[in-house]
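In what follows, a structure is listed as structure tokens, so that the remarks can point back to it.
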Amino acid sequence: MDIESFLYTIGSTAESAFGKCMDTIRGFLFPVPSSKPPDLKITRGVTEKRNFTFHELISLHLQLCFMTYLVVNFAVVFLTGTPLYLLAVSIPYFLYLRYFIIRYGNFLIEEKPYRVFYYGISLISFLAFLGYSLLKLASPEIYHYYAYVGAIAVAVLLFRHYFKATFGRDYTYGTVEEVKNDLVRVFIHDDMAANIKPGFYWLPAVEEAEPGRVVKVLVEDKTFRSARPVRILEVYLTDQSSQSSTEPKEETE
Amino acid sequence: MRRGYLLNVTVLLLIIPLLLLAATYQQASSYIITSQSQRTLVERQYFGINNIQDDLQNIVELSFKRAYLTLTEYVINNNFVDNASLELTNLMIEGTLNGIPQGNMNGITIRDWFVTTVNYLNSIGMRVEPSDPDEFVRNHLEVTVGPLDSFHVAVRVKIKNITITDGSGAVRYSGDIPPGDGEYIYSIVSIVGFEDPFVVRELNGLYTRVITPCKIPFPGETYGYYNVSSQDDVEELVLNWCYLGLRDNSSAGMYYPTVLERFEGKPIVSPQGMRQHSYYLAISREFQTALGITNELPVGLETFLVPDPDTDKTLLGALESVGASVPDDYTSVSYYFLKCSVDGLTEYCKHSVWDGSEFNYPTFKLDETTKTLVFGN
């Protein structure tokens, strides 16, 4: 083999790899909204079902990221208690969170509540664990730890109150899947603003409820638990539906 | 049919404080271990019924010595007391004499000790029942003062039915201190070197004697007698102003006062005096048995007064200034001599059967019983 061309191949590979690397870093630090949905193999692998909507997938991904972050924080605090390690974990996490939300947030049905919630909750847990590790450095009496945990619980509940007051609603949207006598089976998306879990719900039937139509559903809030859909408020006729993005099958095809 | 993989908002939020709470497990467990080992250490170092008992022993010794001193001072400066053992007990417990608080006893009474001990035990997380010092003194404390032998007074102390619990309410100790029936804390004070309150008081402070034992403190079968024909032995008794321990001879009607009776100055052969005297004898026998003194020691304490201007320059003057004179017939045993000459009680003017004129001490006179006790037959 020609040694010159071999070296040239190496050089060009290195150059393009470097370029790609820089692109990746630039993309990571200055994300732009993507038109392509994310791949998220790991998150997909978590569940058996493959027919997730992108909305659900992203929501689940955000949640898993946050849980991982919490677990790592817990491990750091429990094992070492050095505030520096917490920073080392948190900076990449926040960068990734920002990257992910900016880049793929537009695949969420309603982006803002998710963004506010995950930024808020991440910030709270970062501060909570940072404060805890600082408290640990001061090694006070055990009662101070409990007082601190109590204060964090209060802060968390205040945040929930704020979130609910700002973004909370008592309705959500769903898609009629099936009509049976006086009941309709409605698919409802994960909706953080209404605090409702995704899934199929049986609701009392209304006129014009036909499979494939988008409906507005009244939900009933329950303290410390997910809200439950109660009944259909409104049916959007197919031609005037602007909520087609809530239709799961469209996006998962 | 809901897909349950997503957590709702509230649960997601509450995970944060729950995880933090879980993280406190480490601190809590280390806190528990530390405080437990600390408590064990504290208990090992500072709490033990033995330590409390030792402490009580110390305070009893201190307070008993000080009480004895206070009482001596009081009798010398003021007057005889009615019941010396009771006054010593009151001094030790409450620091009062005839009901009047004595500054000498500040901080070293058993009551003070109890208050300090309760405070201390509270500070290391222990509770004591009873904790009220009045209640403690009234119902949980037994103090008995009495003569041990001629030259020693003793006190025996017991704390009855006390309960000590730790912070968790577990009983750490319940019962008496020292534990066991018939077990007491004893403290013994030697009276050697103290002034004899009786002689001082009777002669109104103009004449004094310090209690020092003679060459043979307890003349008798065991330790031998003084030699009636020895110049040295007689001079020891006349010139050294020392004290002898003598045993009563009730058949002859001769009773020798114990050291505590020398604080009281009561007529020993009066019914009241006899009751007190036999109480002291009984107490001293109890003490001697409890302390393992097998051959019973005498309790009476006596010295000889020889009204001779050559051997004792101050005695005659002192007698004179209290308006007394040397009687015609007397015994030199101090109690009888002073009761006879100063108080004018004729039943104390014992008939003398022997005097020391052989050795140039004609005023050293002894009655029959005392002569036998000192010189043998």
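Structure notes:
- When B:Gly125 is tested against (1) assigned to a helix (DSSP H, G or I); (2) farther than 24 Å from B:Glu286 by Cα; (3) assigned by TED's automatic domain parsing to the domain that holds B:Pro178, only condition (1) is not met.
- Residue among A:Leu29, A:Leu79 that is surrounded by fewer than 13 Cβ atoms within 10 Å (Cβ to Cβ), at negative phi and assigned by TED's automatic domain parsing to the domain that holds A:Gly120: A:Leu79
- Every residue from the range A:173-208 that is in contact with an Asp or Glu (Cβ under 6 Å, 6 or more places away or on another chain) and either among the charged types (D, E, K, R) or assigned by TED's automatic domain parsing to the domain that holds A:Glu111 (or both): A:Arg185, A:Asp190
- Any hit, the range B:91-106, residues being in a helix (DSSP H, G or I) and of a type in the set (D, E, K, R): no
- Residue in the range A:152-188 that is surrounded by the most Cβ atoms within 10 Å (Cβ to Cβ), counting only those that are small (Gly, Ala, Ser) and more than 10 Å from every other protein chain (Cβ to nearest Cβ): A:Gly174
- Candidates in the range B:228-273 are the residues that are more than 18 Å from B:Phe304 (Cβ to Cβ) and charged (D, E, K, R); of these, the one that is farthest from the chain's Cα centre (by Cα) is B:Lys266.
- Hits in the range B:343-377 (condition: among the charged types (D, E, K, R) and over 19 Å from B:Gln231 (Cα atoms)): B:Asp343, B:Glu347, B:Lys350, B:Asp367, B:Glu368
- Residues that are within 12 Å of chain B (Cβ to nearest Cβ) and either modelled with pLDDT of 90 or more or crowded, with 19+ Cβ neighbours inside 10 Å (or both) do occur in the range A:93-113.
- Applying the criterion of being more than 8 Å from every other protein chain (Cβ to nearest Cβ) and closer than 19 Å to A:Lys112 by Cα to the residues of the range A:49-63, the residue that is modelled with the lowest pLDDT is A:Thr53.
- Subset of the range B:356-377 that is out of contact with any helix residue (DSSP H, G or I) (no Cβ under 8 Å at 6 or more places or on another chain) and closer than 18 Å to B:Leu244 by Cα - its residue that is modelled with the lowest pLDDT: B:Asn377
- Residue list for the range B:344-354, filter: out of contact with any helix residue (DSSP H, G or I) (no Cβ under 8 Å at 6 or more places or on another chain) and modelled with pLDDT under 90: B:Gly344, B:Glu347
- All told, B:Tyr279 falls short of being part of a loop (DSSP other than H, G, I, E, B) and of a type in the set (Phe, Trp, Tyr).
- Remark: B:Ile15 matches the filter, which requires a residue to be modelled with pLDDT of 80 or more and at the interface with another protein chain (Cβ under 8 Å from one of its Cβ atoms).
- For the range B:286-313, filtering for residues that are modelled with pLDDT of 90 or more, hydrophobic (A, V, I, L, M, F, W, C) and over 17 Å from the mean Cα position of the chain (by Cα) leaves 4.
- Residues considered: B:Leu345, B:Leu366, B:Leu291. Of these, the only one that is buried (at least 21 other Cβ atoms within 10 Å of the Cβ) and touching a residue at least 24 places away in the same chain (Cβ under 8 Å) is B:Leu366.
- Restricting attention to the range A:194-226 and to residues that are touching a residue at least 40 places away in the same chain (Cβ under 8 Å), within 14 Å of chain B (Cβ to nearest Cβ) and surrounded by 21 or more Cβ atoms within 10 Å (Cβ to Cβ), the residue that is nearest to B:Leu7 (Cα to Cα) turns out to be A:Pro198.
- The criterion of at least 3 residues that are of a type in the set (Ser, Thr, Tyr) and exposed (fewer than 15 other Cβ atoms within 10 Å of the Cβ) is met by none of the strands (runs of 3 or more DSSP E) wholly inside the range B:152-236.
- Residue, farthest from B:Asp308 (Cα to Cα), within the range B:320-339, restricted to residues that are outside any helix (DSSP H, G or I) and of a type in the set (A, V, I, L, M, F, W, C): B:Val322
The values are calculated or read from the model by the stated rules, or taken from the named source; none is laboratory data. All of these numbers come straight from a predicted model, not from anything done at the bench. Methodologically, a virtual Cβ is constructed for each residue, glycine included, from the backbone with ideal geometry; neighbour enumeration extends over all protein chains shown.
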